[in-house]
1. Being closer than 29 Å to ARG82 by Cβ, part of a loop (DSSP other than H, G, I, E, B) and polar (S, T, N, Q) is the filter here; which residues of segment 638-672 pass it?
2. So, in segment 363-390, exactly how many residues are farther than 20 Å from ARG41 by Cα and within 16 Å of the ligand (Cβ to nearest atom)?
3. Is it the case, given these coordinates, that PHE576 is touching a His at 6+ places or on another chain (Cβ under 9 Å), touching a residue at least 24 places away in the same chain (Cβ under 8 Å) and surrounded by 18 or more Cβ atoms within 10 Å (Cβ to Cβ)?
4. Condition test on LYS270, is it in contact with a helix residue (DSSP H, G or I) (Cβ under 6 Å, 6 or more places away or on another chain) and basic (Lys, Arg)?
5. State which residue pairs qualify: first residue β-branched (Val, Ile, Thr) and inside segment 65-90, second residue assigned to a helix (DSSP H, G or I) and open to solvent by less than 10 Å² (accessible area, probe 1.4 Å) in any location, beta carbons under 6 Å apart, and separation of 6 or more residues or different chains.
6. Report the residue count in segment 535-551 for those that are open to solvent by 10 Å² or more (accessible area, probe 1.4 Å) and under 24 Å from the mean Cα position of the chain (by Cα).
7. I'd like to check something: does segment 223-231 contain any residue that is closer than 25 Å to GLU61 by Cβ and open to solvent by less than 10 Å² (accessible area, probe 1.4 Å)?
8. Answer yes or no: is there a residue in segment 394-405 that is surrounded by 22 or more Cβ atoms within 10 Å (Cβ to Cβ) and out of contact with any strand residue (DSSP E or B) (no Cβ under 9 Å at 6 or more places or on another chain).
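The values are calculated or read from the model by the stated rules, or taken from the named source; none is laboratory data. Treat the numbers as computed from the prediction; the structure is a model and nothing was measured. No Cβ is skipped: glycine too gets one built from the backbone with ideal geometry, and neighbour counts run over all protein chains shown. For the accessible areas, the whole protein counts, side chains as well, though only heavy atoms, and no ligand, DNA or RNA atoms are used. Shrake-Rupley method; radii C 1.70, N 1.55, O 1.52, S 1.80 Å.
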Amino acid sequence: MTMTVAATFLCACTDREETPDRDSFVYSVDQFADLQILRYRVPGFEDLSLNQKKLIYYLSEAALQGRDILFDQNNKYNLTIRKLLESVYLTYTGKKTSSDYQAFEVYLKRVWFSNGIHHHYGSEKFVPGFSEAFLKGELAKVDLPAMGIEGGLEEVIREIFPVIFDPAVMAKRVNQEDGVDLVLTSACNYYEGVTQQEAEAFYSKLKDPADPTPVSYGLNSRLVKEDGVIKEKVWKVGGLYSAALEKVVYWLEQAESVAENEAQQAVIRKLIDYYRTGDLRTFDEYSILWVKDLDSRIDFINGFTETYGDPLGMKASWESIVNFKDLEATKRTELISENAQWFEDHSPVDKRFKKEEVKGVTAKVITAAILGGDLYPATAIGINLPNSNWIRSVHGSKSVTIENITDAYNKAALGNGFMEEFVVDENTLELIKRYGDVTGNLHTDLHECLGHGSGKLLPGVDPDALKAYGATIEETRADLFGLYYMADQKLLELGLLTDEEAYKAEYYSFLMNGLITQLVRIEPGSDIEESHMRNRQLIARWVYEKGKKERVVEFIRKNDKTYIRVNDYQRLRSLFGELLGEIQRIKSTGDLEAARELVETYAVKVDPVLYKEILERYKKLNLAPYKGFINPVYEAVTNEEGEITDIKVSYEEGFSEQMLRYGRDYSHLPLINP
Ligand code: ZN
């Protein structure tokens with residue numbers, strides 16, 4: 001399956017010249033394993049009307065109520081394991097300096113962060129650093145039957161311990177390895193008792209190739225085999241995950257009562273209808289209403305949305321974000337959108353694959369007010385929805401750039417030494433310091449506003465034709481569209497860039513990331529699996545190889561260290577254009593073989609020698625390669641009659657505090673959801 005979220009964030013790429021914020025806001029909250037916890041602020045919230053604040057408050061509650069759904073989707077034992085760990089954490093009376101306890105705390109924090117026992121990004125299971133004996137000893141003090149574990153400690157040791165401790169059991173949440181049964185070898189909870197072949201056959205039978213408006217088959221259900229019969233268990237009120245979805249619906253109803261206008265009210269009402277029926281036609285109707293709601297200041301995503309967590313790319317994880325428009329910064333993306341047709345007409349792809357008429361590419365810059373489900377704590381910085389291909393081509397899509405999140409990344413990265421270590425020379429570093437922020441935001445805008453909305457499928461091409469390679473190809477396409485235009489005079493004409501050298505900051509950062517620095521996110525001995533990482537390496541490796549003879553991009557050695565040097569930026573641009581043409585052809589014609597060939601050749605393998613060097617250099621900086629965010633806390637202020645008179649936002653809560661509170665206040669599902 002296809003479109004969307006750009007998690008293009010690794011770049012710690014902004015060590016700016018001006019002095020850091022003089023205020024005392026602390027962006028970095030905690031750091032452990034390979035993770036750094038940041039805090040974001042919500043500028044402008046205080047200036048909203050009381051009604052708007054209430055709307056955000058209600059939608060925020062709806063955003064937090066679905067948290068347990070994601071835990072269960074990621075793995076069927078996640079809720080049990082989280083509950084066990086939290087009960088140990090809350091009752092522990094031993095020495096907190098012991099190495100077992102310290103490793104235990106890190107493990108629990110990782111489970112919180114990843115919404116389960118697998119890495120949020122690489123999807124491999126992380127192994128605890130504490131002993132089985134330690135956990136056994138601590139669990140012996142917990143009243144397990146009271147938690148709903150009838151068989152007590154024995155049952156936990158028999159069923160849960162291998163899931164926690166044995167690296168071979170449920171080793172990957174999403175397996176993308178070529179040539180094996182992806183369903184059976186993935187530990188996510190989207191299929192039970194069915195093989196990949198059975199799942200694919202089940203859905204291809206439902207699909208009618210002649211249907212111009214197909215629903216997103218399989219999007220909101222688990223596929224199971226019971227008594228030899230394969231069927232869907234739908235996630236809806238009265239179905240699977242009902243207890244959590246009832247709460248989501250309750251808060252959506254509150255939100256509906258304070259909606260800004262009728263269009264927004266209709267969106268919320270339709271979403272409630274969808275949660276109640278689980279009907280995918282209703283979901284499409286909701287998506288169309290949502291795309292067309294352009295006048296509201298406040299907006300949100302709440303539902304089963306992105307399909308990265310399913311090896312077959314059909315089943316969507318639950319996520320939510322509530323946000324409001326940043327009116328000033330939105331002028332920038334509006335300018336891009338107004339010129340969407342020009343960009344489409346001038347793109348370096350075959351005319352047959354271009355849209356004659358680009359519809360409804362709307363774009364805005366937003367301020368996130370709350371993150372939930374699969375957007376929490378790790379989040380995207382740009383989002384483009386809906387994912388349904390036919391809705392996108394008939395009704396358009398909405399695209400957002402989340403500026404307060406990007407801003408928090410940038411502020412937290414000030415002066416951390418990363419760019420100094422990996423950028424090849426002073427001049428390039430200077431360029432990145434001067435233009436890195438602007439070009440980084442602009443690339444995200446182009447990726448989201450134009451990239452995903454560009455191009456078209458030839459008639460009769462199955463949107464899922466690229467199968468497991470679909471997501472990587474789609475992200476590659478969107479990134480290339482942005483990269484190609486970064487260096488275009490048009491951006492100067494539009495006033496989006498002020499210097500014709502500025503684009504080089506993004507070109508360099510992108511290549512450095514795709515060729516070397518993103519490697520710090522890979523586990524030793526592993527391939528690259530995540531689609532955005534694959535996409536970046538695909539692009540970087542491809543242009544490197546194609547430009548090798550002309551030395552467009554080079555690996556050079558300096559002081560025993562490897563660097564990337566770009567010798568010919570203009571030629572680099574034309575290589576981006578060439579690859580974009582090919583990627584668009586693959587997408588438009590559904591050329592699965594070519595997709596497989598490109599991805600497997602350029603996007604998957606890691607150079608072990610380079611990897612070792614980069615990791616050593618990176619370790620010395622003592623940075624965490626992945627970042628996530630804790631939410632602000634919203635509190636309703638009421639008068640004597642119990643009416644809400646204001647909503648206060650505060651930023652004092654710590655990471656563990658927030659996770660424990662969410663576990664206490666927003667946990668409604670049984671430990672196991674069969
Ligand atoms: Zn994207």
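1. Within segment 638-672, just SER667 meets the criteria.
2. 7
3. Answer is no for this residue.
4. yes
5. From residues that are β-branched (Val, Ile, Thr), the pairs are ILE69/ALA244.
6. 1
7. No.
8. No, segment 394-405 contains no residue that is surrounded by 22 or more Cβ atoms within 10 Å (Cβ to Cβ) and out of contact with any strand residue (DSSP E or B) (no Cβ under 9 Å at 6 or more places or on another chain).
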